[in-house]
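No lab work stands behind these numbers, since they all come straight from the coordinates. Please read all numbers here as calculations on a predicted model, not as lab measurements. All Cβ positions, even for glycine, are placed from backbone atoms using ideal geometry, and neighbour counts span all protein chains on display.
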Amino acid sequence: MRITASGVLSRAELGTNRANLTFPMALALADGALIATLRSGPDKDSAADRIEFYSSVDGGATWSGPDFPFVSPDVGGKSGSLKLCYLTELAPGHLIAASMWIDRTTYPGQPLFNAETEGCLPMEILLADSHDHGQTWTEWRHVPMPTDIGPASLTCPILKLADGRLALSIETNKPYLDRSKWQQRAVYFHSSDRGQTWSLPVTVAEDSSGRIFNWDLRAAVGPDGRIGSFAWTYDSQTSTYLDIHKRLSSDGGDSWTTPEAIGISDQAARPAIRPDGSIVLAWVDRFGSKSIRARYAPSLDAPFDPASEVVIYKHGQGEAASADTGDMLASMDLWSFGLPFAEVLSDGDVLVLYYAGEPKALDVRWARIAI
């Protein structure tokens with residue numbers, strides 16, 4: 001693989017409500033155009049968070065925007081902010097947006113993550129539809145969650161499955177003041193009516209002992225209908241990152257293969273599965289090489305080839321890993337590069353978006369990879 005072009009999708013504006021740009025994603029539409037979204041705010045987490053939209057008609061070489069199609073709604077009579085927005089094209093011109101909404105009313109002024117309890121602010125999942133390529137949108141609708149899910153994290157765009165269903169990937173969290181042991185798990189909800197109603201959750205990843213956390217399950221559907229899911233895997237007892245673990249499903253997420261360590265540690269990007277079934281996986285190596293990298297595999301079953309590796313971004317200074325899970329997660333506002341997201345372009349190249357910069361000024365950048 002080789003990087004053929006790179007640039008900045010959107011540059012941070014220090015000291016403004018656009019000083020920190022994070023959670024980027026891109027969607028290649030059926031007509032060849034690209035839509036990207038990102039979250040902007042004055043800090044890594046803020047009640048002033050907004051979702052920005054960008055578009056490109058030249059494969060991501062240039063972008064127009066930002067546009068601001070969404071206003072954060074009240075949910076259950078409480079005000080909050082939209083933390084991220086993922087898009088999926090259900091049919092040509094028909095997009096569904098999935099967003100994670102943060103309650104800023106119940107614990108006013110408090111950070112998203114409680115370092116003492118390992119709990120999160122209340123979070124909800126909201127959906128909206130567009131039937132004109134994202135020009136206009138319906139009102140947000142709320143996806144009810146069972147109580148045992150806790151504050152719900154959204155880990156990737158809604159998946160279009162081979163059998164016509166949709167899958168919504170959710171990660172569980174503890175309530176903000178809950179001091180009990182964190183029993184983290186990841187689940188899928190399924191919909192057979194294009195996201196109007198959703199099933200009960202199906203567990204995708206869980207360690208029954210509560211020791212191993214499977215965070216940020218990034219997933220995509222291959223041309224053969226299989227789902228490839230990659231988990232940021234963390235040992236809470238030793239406070240260390242393990243290898244990223246791959247899971248495959250041939251039945252839309254109802255069952256999964258045994259988790260497989262892929263020989264790469266830290267946080268995976270959303271994988272880019274190409275029309276021939278080959279896959280490009282970008283990941284963050286924050287504590288080793290202090291970079292964002294990508295590797296190629298010829299299929300979901302095959303290992304990633306170290307010889308194919310490319311360096312997408314190299315950071316000047318490393319980040320120190322904390323010896324405590326709570327402190328480590330609470331310090332995420334100091335992390336200054338990460339959250340890569342990969343999308344396959346119409347010509348088979350792969351576009352990777354990510355954030356990078358200094359702690360108080362984070363841009364969203366891109367790199368184009370040819371295979």
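Partner lysines whose Cα lies under 20 Å from the Cα of residue 360, excluding those fewer than 8 positions away in the same chain, are identified as 44, 83, 290, 314. Look at where the Cα atoms of the stretch 354-371 and of the stretch 118-185 average out, and the two centres are 25 Å apart.
For the peptides 204-212, 91-99, 362-370, the ranking by mean Cβ contacts within 10 Å, running from highest to lowest, is 362-370, 91-99, 204-212.
Once the chain from residue 308 to residue 371 is taken as fully extended at 0.36 nm per residue, the excess over their C-alpha distance is 21.8 nm.
An oblate overall shape is assigned to the stretch 7-94, the ratio a/c of its alpha-carbon gyration tensor axes (a ≥ b ≥ c) being 1.5 or greater and a/b not exceeding b/c. How big is D for the chain, in µm² s⁻¹ as a whole number, if Stokes-Einstein is applied with the Kirkwood radius of its Cα pairs at 25 °C and 0.890 mPa s? D, rounded to a whole number, is 120 µm²/s. Spin-label model, residue 251 to residue 193: label points 7 Å out along the Cα-to-beta-carbon direction sit 2.5 nm apart. If the segment from residue 291 to residue 239 were pulled out straight at 0.36 nm per residue, it would be longer than the present Cα-Cα gap by 16.7 nm. If R0 is 25 Å, the Cβ-Cβ spacing of residue 301 and residue 208 corresponds to a FRET efficiency of close to 0.40.
Computed from the C-beta positions of residue 148 and residue 78, the FRET efficiency with R₀ = 22 Å rounds to 0.55. Taking 0.36 nm per residue of separation and subtracting the current Cα-Cα distance, fully stretching the chain between residue 67 and residue 139 would add 24.2 nm. With helices as the sole contributors, the chain gives -500 deg cm²/dmol at 222 nm; each DSSP H run of n ≥ 4 counts as -39500 (n - 2.57), and the sum is divided by every residue.
Here the spin labels are modelled as points 7 Å beyond Cα on the Cα-Cβ line, and at residue 116 and residue 14 they lie 3.5 nm apart.
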